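Everything below concerns the one structure shown next.
The values are calculated or read from the model by the stated rules, or taken from the named source; none is laboratory data. Small disclaimer: the values here were computed from a predicted structure and weren't measured. Cβ atoms come from the backbone with ideal geometry, glycine included; neighbour counts cover every protein chain shown. Each accessible area value is taken on the protein alone, full model and side chains, heavy atoms only, with ligands, DNA and RNA left out. Shrake-Rupley method; radii C 1.70, N 1.55, O 1.52, S 1.80 Å.
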Amino acid sequence: VARSTTRDALLEQGALLFARHGVAGVTARQLHEAIGARNESALHYHFGDREGLALEILRIHLEAVESRRAPLVVDIAAEDLTRDLRALVHALAAPMAEDLDSPLGRAHLRLVAQLSHPSLAYGPPFVLIPAASGKAVVRWLWAALDWLPAPIRGERLAALRSELISLFGLRAQLLDEKPNGDISPPDLFFNNLVDLLVAGLSAEPSPATLAAAESCADTPAASHRTPTH
């Protein structure tokens with residue numbers, strides 16, 4: 001097996017195996033058997049270990065999503081839609097939705113859901129790759145929600161990130177495990193998802209939420225929280 005082919009095969013089979021069994025649930029031997037590699041040092045040579053392979057799969061996935069998002073961001077800027085919540089949420093979600101159409105894309109979505117610790121929602125966005133387009137959407141979302149106190153904006157953007165990653169991961173799992181099952185069509189799933197996310201972002205905060213936000217206005221929770229996908 002040629003070096004480039006071995007590396008590509010590890011990326012593909014690693015994603016498929018990790019999605020089904022988790023990174024810790026897949027051995028180096030299983031990876032080598034999946035790609036038909038005679039040399040059982042291929043994983044170490046190309047990626048160091050399973051975690052290194054998983055990180056490279058994640059990086060490749062994020063770069064692909066960012067490349068799909070870039071033209072959407074250009075259109076948003078050109079059409080002056082930077083305060084249109086639906087356009088902004090659509091720009092985050094649509095590039096992810098494309099991965100639902102293939103087994104490898106679904107594996108990527110499932111792996112992202114497995115590896116995304118909830119704490120990442122409270123850190124800087126898009127740290128693994130530059131992701132200029134993704135960061136632009138996040139900035140526009142923050143500005144579009146300027147009618148909300150900062151702590152509430154932070155919580156809503158953290159929830160947005162978690163919902164995008166978890167719901168696409170669950171949808172991918174559903175399509176993998178019940179491909180012929182009685183499930184909603186893609187357009188209904190996607191448009192309803194965007195509706196729900198926009199409604200969550202734009203909901204009027206209750207008095208209890210406003211009081212809680214005021215009480216934590218001077219704490220770290222009040223800082224800008226952003227989705228990382």
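The table for this structure:
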item: Distance between region 100-129 and region 19-50 - C-alpha centres, whole angstrom; result: 21 Å
item: Cβ crowding within 10 Å averaged over residues, with 104-115, 197-208 ranked highest first; result: 104-115, 197-208
item: Sparse-neighbourhood loop sites, trypsin sites (Lys or Arg not before Pro) in region 1-85 - DSSP loop, at most 12 other Cβ within 10 angstrom; result: ARG38
item: Fully extended contour minus Cα-Cα distance, from LEU55 to ALA34, at 0.36 nm per residue; result: 5.7 nm
item: Candidate residues LYS178, LYS135: accessible-area rank, largest first, probe 1.4 Å; result: LYS178, LYS135
item: Average accessible surface area per residue within region 56-167, 1.4 Å rolling probe, Å²; result: 42 Å²
item: Fraction of accessible area attributable to carbon and sulfur, the chain (%, probe 1.4 Å); result: 56 percent
item: Average accessible surface area per residue within region 171-211, 1.4 Å rolling probe, Å²; result: 64 Å²
item: Region 81-180: chymotrypsin sites (Phe, Trp or Tyr not before Pro) falling in loop per DSSP and having at most 12 other Cβ within 10 Å; result: TRP147
item: Viscosity 1.306 mPa s, 10 °C: Kirkwood-radius Stokes-Einstein D of the chain over Cα pairs, µm²/s; result: 84 µm²/s
